[in-house]
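What follows is calculated from the coordinates using simple rules that are stated; it is not laboratory data. Not measured: the values here are computed from a predicted model.
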């Protein structure tokens, strides 16, 4: 009996030892008890050109769930910063690559082309006055009767004269009763810029009269709006010689207007206007 | 038996008749209920006042209350290079250090406060059919102005956000929690402000006016790069009868002065109608030990560009001479005596109005619209507007050309601590450059993703997966 007890004790001891050592076995099966990377990195960025150096780009890292970043700027330069900047050697298109990684080794890549161009100093628009010389077939498509661009609802259509003219074959004519009006809107200009409008006029000499050219900001739908939209005007009253044109240069600033309009009216005596042109004042 | 039948029938009829809505949901006679309210002009006007009340926010030490515009400096000025906390402590210091947590209570409170403004505006818009023909455009204009102002602030602070342009029910989670693109938000802002500008008149500054709507719309257009639109609006406001106060101090301490285009009203001593930011900006006068203290960088800017404005905008903290305080909104105009903390009135119940839009801002926006994204301008109209601001500050040398940097510096010192600086840096496209340098010099942790606040974690949790967090949080 005693032997049995002893044997049992020894066996138990051995068993315990065996069991204990067997606890070293690795029970962790792959994937068992672990969860997938539910927030893998997502790479994203934006790039902004510097105001002062057009070759310098500042990058804004918009990645999420990432801890390390590898940038390839496409010109051979690289960086591991979060929000790096890079100075490119020259103008051109560069493919920028951002690889974002998290601490588990998951990665995400975002690629964007950056086009490096020196910003042009914006030059003032040179306005185009259609049929400014009132010649036939002078519209850009080769059509037109010299006054198509000047028709409007404010007065009768202007007449065309062939003598006297300032140049070419035709000029515009405004009979003495003043019921004909020339109006052209939508002339594109650069806002807040000084321009000069140049034109020629002449008046007959039988009665006192005048011819008025007004430059308007934007456009009008009724003549009552002229005062509020007027940028500049000139009342031409030179009646020295009915056959000699008087040259007028009017300067104005376009202010908060991306387009201007021209309005021509007359009073008291027959008038003629020719060769209207507009140009920015040279700096 | 027959009698019982009749009795039963009578009961049945009795019940059928009684089961109308009125019986189960009677209109209370001794209290106001939302069902029947907003039925006439007077009642709808109280709804309109309620919108301004939501902007005004609650003067409270609990972030469970909507603090409204009273805590705006935390999420704007203290995230710029103008101000910081005095002691770099707590939730407030997350803003200057650029490590804002998505659980930050101020971030959540601002978001909730301004969606409350939007809710109250939508409520008025929902009840417009009960307004008289004469008053409906006025109410609609005011509600839309307020809604646009709230969205303009939210979209610049949080990025893509839910677009709620009507009263929504508790089950419309897809509307409440779907983030829509900033482009769509700006479309609503522009159309709301265009309506307000077309339908409101001038003459009020505690309520929305035509000039206020035009000025705000000009700022929106500058943000979107529509410079000619902005210029037209600025020029309209500039000819609306407002002017610069000759004395800079009067802008802030002579309430109702002719420079103010739109302000949020506060009254001193009244818990429900006062503000606490005047106290918070001082040394241990409010609940904090001091927030919105002036950075060394802002002091340097004042030294260089401030002119007469410097002495009227900042001062050395009397109790702690190494620190610098803001003096644009001293509690009820009192300077706090020798220690800077002694007041005859309760500073935590201050009555200083909060100026949202003033004429000087419009003059500088006018310059910005003419600069039109360029580097420099010498256009006469821009010089004239710029010179007015400089002249008042005692800087009377004639200006012959204005660079983008000149304009940004001028805005910084003219409008310092009025919650413009962060938005100016963003609009001028220099926020990342300027704030990176500021952060490096001070050992903060600015990154490009800090230009947006996190969506409050509470909103993300409520959205049940509909809302994603902004990158970097």
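Taken over segment A:185-261, the alpha-carbon convex hull comes to 93 cubic angstrom per residue. In degrees from 0 to 90, rounded to the nearest 10, what is the angle of the helix B:41-56 Cα long axis to the longest principal axis of chain B? With both axes taken from Cα atoms, the answer is about 40 degrees. Taking N as the residue count of segment A:148-280, its C-alpha radius of gyration divided by 2.2 N^0.38 Å amounts to 1.01. Shape index of segment A:45-116: Rg/Rh, with Rg the Cα radius of gyration and Rh the Kirkwood radius from the inverse mean 1/r over Cα pairs, equals 0.98.
To the nearest 500 deg cm²/dmol, what mean residue ellipticity at 222 nm is calculated for chain B from DSSP H runs of n ≥ 4 alone, each contributing -39,500 (n - 2.57), summed and divided by the residues?
That calculation yields -15000 deg cm²/dmol at 222 nm.
Once Rh for segment B:117-220 is found with the Kirkwood sum over Cα pairs, what is the Stokes-Einstein diffusion coefficient at 10 °C and 1.306 mPa s, in µm²/s? Calculated translational D: 113 µm²/s. Under 1.5 on a/c is rounded, so check that first for chain A, then, if it is not, pick prolate when a/b is larger than b/c and oblate when it is not; a ≥ b ≥ c are the square roots of the alpha carbon gyration tensor eigenvalues. Prolate shape, in that a/c is at least 1.5 and a/b is the bigger ratio. The angle between the Cα long axis of helix A:2-22 and the main principal axis of chain A comes to about 20°, on a 0 to 90 degree scale. Can you tell me how the protein assembly as shown classifies by the Cα gyration tensor, rounded, prolate or oblate, using a/c under 1.5 as the rounded cut? Because a/c hits 1.5 or more and a/b exceeds b/c, the protein assembly as shown counts as prolate. Helix content alone sets the calculated 222 nm mean residue ellipticity of chain A: runs of n ≥ 4 DSSP H residues at -39500 (n - 2.57) each, divided across all residues, give -3000 deg cm²/dmol.
For chain B, the equivalent ellipsoid derived from the Cα gyration tensor has semi-axes of 44, 26, 23 Å, listed largest first. When the square roots of the Cα gyration tensor eigenvalues are ordered a ≥ b ≥ c, the ratio a/c for segment A:93-137 is 1.5 or more and a/b exceeds b/c, which makes its shape prolate.
Against chain B, whose longest principal axis comes from its Cα atoms, helix B:431-442 is set at around 70 degrees.
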